[in-house]
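Notes to accompany the following structure.
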Amino acid sequence: MVETSDQWITERTGIKNRFLVGPGETCSDLGARAALDACQKAGVDPADIELIVFATITPDMMLPATACLVQHKIGATRAWGFDLSIACSGFLYALQVGVQFILSGCHKNVLVIGMDVMSSIVDYQDRQTCIIFGDGGGAVLLQPSESASDGCFVDYLHEVDGSGGDFLCMPGGGSAHPASKETVEGRQHFVKQDGPVVFRFATKRMPDLCVRLLERNGLTGKDVDVFVPHQANLRIIKSAVERLGMPMEKVIVNIEEYGNTTAGTLPLALSTALSSGRLKKGDLVLFAAMGAGLSAGAALMRWGY
């Protein structure tokens with residue numbers, strides 16, 4: 001559909017495969033399936049979920065929040081919830097929101113979902129975006145731990161630079177450019193990206209935040225057991241790894257299989273780490289993300305599962 005090749009895509013991004021939803025399948029459908037899977041693995045009845053934080057930029061509709069649809073689909077009758085929209089940084093930001101509700105003592109069962117159906121907003125005539133994005137994501141269940149050895153969040157560092165908001169955006173459909181004949185004809189309801197600018201931001205800010213976070217906690221990349229980065233581009237990941245001074249063996253990379261699923265990349269990477277046996281109780285885990293906003297973040301946790 002665009003002028004490219006498998007070789008070019010692989011060399012520039014590291015992507016080989018991408019998954020797309022089936023006919024009629026929605027973001028809340030995927031989110032509900034992931035949520036039920038997380039509850040089953042944790043041995044928690046969905047009725048005991050107290051809060052659902054859903055990170056996505058591809059909701060089923062502008063309103064209600066996708067979290068409300070998932071709440072109904074999984075039978076989480078006691079839960080309240082909301083959506084969080086900050087694109088590729090979404091899951092990491094939503095995770096910290098959930099952590100704060102646990103730390104404050106307000107809730108004991110918080111469901112955090114990162115899921116996107118990017119095929120619904122990707123322009124398959126735009127080579128800058130259509131080769132990158134796929135559909136998918138995952139969910140985690142947060143609970144308080146008895147002690148740090150049973151798992152805990154150590155620290156986080158998030159930031160945004162709103163001056164770069166136009167470099168990765170979807171212009172149409174909001175209050176600035178409501179849906180009209182002109183916005184549809186101008187293909188403004190698809191995601192737009194200035195690739196070189198976003199690439200430069202990612203290769204600088206994501207590793208910068210990781211280094212600052214580690215230094216703030218008296219650590220270096222050598223102390224990290226598992227690094228879970230946003231899966232935007234293999235070259236960006238390798239740049240961060242080089243800056244952190246850690247071997248690729250510590251890094252979870254599955255961009256080849258799934259592409260960039262936006263808010264879904266980190267939970268998908270966690271699933272890959274668990275299924276491959278590369279994530280064990282007691283491991284020090286470093287998360288990193290960057291995306292539209294322009295936004296970026298890093299977080300440290302001691303894995304307790």
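Please treat every number below as a calculation from the coordinates, not as lab data. Since the model is a prediction, treat every value here as computed from it, not as a measurement. Note that each Cβ is placed from the backbone with ideal geometry, even for glycine, and that neighbours are counted across all protein chains shown.
Listing for the model above:
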quantity	calculated
The range 143-182 - residue that is part of a helix (DSSP H, G or I) and touching a helix residue (DSSP H, G or I) at 6+ places or on another chain (Cβ under 8 Å) and, of those, farthest from M61 (Cα to Cα)	G164
Residue list for the range 47-69, filter: out of contact with any Leu (no Cβ under 8 Å at 6 or more places or on another chain), under 23 Å from Q143 (Cβ atoms) and outside any loop (DSSP other than H, G, I, E, B)	A47, D48, T66, A67, C68
Pairs, first under 13 Å from G291 (Cβ atoms) in the range 187-201, second surrounded by fewer than 17 Cβ atoms within 10 Å (Cβ to Cβ), C-beta under 6 Å, six or more apart	Q193/Q128
All positions within the range 183-204 that are part of a loop (DSSP other than H, G, I, E, B), touching a helix residue (DSSP H, G or I) at 6+ places or on another chain (Cβ under 7 Å) and either aliphatic (A, V, I, L, M) or under 15 Å from I132 (Cβ atoms) (or both)	V191, D194
Filtered residues of the range 117-138 (kept if surrounded by 24 or more Cβ atoms within 10 Å (Cβ to Cβ) and touching a Cys at 6+ places or on another chain (Cβ under 7 Å))	V117
Selected residue (criterion: surrounded by the most Cβ atoms within 10 Å (Cβ to Cβ)) from residues of the range 44-94 that are of a type in the set (V, I, T) and under 20 Å from H107 (Cα atoms)	V70
Subset tally (residues that are under 23 Å from M62 (Cα atoms) and assigned to a loop (DSSP other than H, G, I, E, B)) for the range 80-128	6
Residue check, L84 over 30 Å from E3 (Cβ atoms) and without any contact (Cβ under 8 Å) to a residue 12 or more places away in the chain	no
Counted residues, the range 251-288 - those being in contact with a helix residue (DSSP H, G or I) (Cβ under 8 Å, 6 or more places away or on another chain), within 20 Å of I131 (Cα to Cα) and of a type in the set (A, V, I, L, M, F, W, C)	5
Residues of the range 140-167 satisfying the condition of being closer than 24 Å to L270 by Cβ and touching a Phe, Trp or Tyr at 6+ places or on another chain (Cβ under 9 Å)	V140, L142, G151, Y156, H158
